[in-house]
Amino acid sequence: MRLLPASFDAWRSGAVLGALLALGSPNRPLSAQEIYKSVDADGHVVYSDRGNSKNAPKTTVRVDQPDPVEAARLAKEQARLQSEDARRTKQQAIDDRNKAAEDRRKQAACQSARNNYYRLVDPGRLFHRDADGNRLFYTDDEIAAMRDEAKRAATAACGAAP
């Protein structure tokens, strides 16, 4: 079984070493295993738990115990980062809900303004009722003024003329 080539970014960045350290316990040394180092046909250095031949030399890998203070600092930093990420995610969800509610409110206002405009554009005599319930018909000039006002309101609410 081949492990990672030495040139692999995760190996150089210490991710593999970090994983090895995480598996170890600070109270006892890590158990040693046989590791073989070889060079493949492309010239990459490869570490494996099996030699490529029966006479392959074993390589010693020294793993230092992690510093408990540094491990605690890293754990605290990781917890802080996760807390900040959770806070940002929660705030984003709140912002998304608020934006969706605002969009629904704007859509409802737009639809209401359009409905009012179309009600005034439809042919027919428009009227309102007086205190006694009698119909009072609007004049053509009043209807034209109401249509203009309704069109301006629909344009303001919807961003475009109906």
Worksheet, complete the sentence: For THR59, the residues 5 or more places away or on another chain with a placed amide H closer than 5 Å to its own amide H are ILE35, TYR36, LYS37
Response to the item:
Here the alpha-carbon Rg of the stretch 70-158 over 2.2 N^0.38 Å rounds to 2.21
Worksheet item: Counting Lys and Arg as +1 and Asp and Glu as -1, what is the net charge of the other residues whose Cβ lies under 12 Å from the Cβ of GLN78?
Response: 0
Worksheet entry | Positive-end residue of ALA100, LEU126, GLN111, charge dipole of the stretch 70-158 with Cβ unit charges | ALA100
Practice prompt. Treating cross-link reach as a plain straight distance, find the lysines whose alpha-carbon is under 22 Å from the alpha-carbon of LYS54, omitting any fewer than eight places away in the same chain.
Written response: LYS37
Discussion item. Going Cα to Cα from LYS58, which aspartates and glutamates come in below 20 Å? Please leave out same-chain ones fewer than 8 positions away.
Written reply: GLU34, ASP40, ASP49
Worksheet item: In the stretch 77-142, which trypsin sites (Lys or Arg not before Pro) are in a loop and have at most 11 other Cβ atoms within 10 Å, using DSSP for the loop call?
Response: ARG125
Worksheet entry | Estimated FRET transfer efficiency when R0 is 45 angstrom, pair THR89-ALA56 (beta carbons, to 0.05) | 0.35
Worksheet item: Taking LYS99 as the anchor, which lysines have their alpha carbon closer than 29 Å to its alpha carbon, excluding any fewer than eight residues away along the same chain?
Response: LYS90, LYS151
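The numbers here are math on the coordinates, done by the rules we state, and not lab data. Computed from a predicted model, the values in this text were never measured in an experiment. Glycine also receives a Cβ, built like all others from the backbone with ideal geometry; neighbour counts cover every protein chain displayed.
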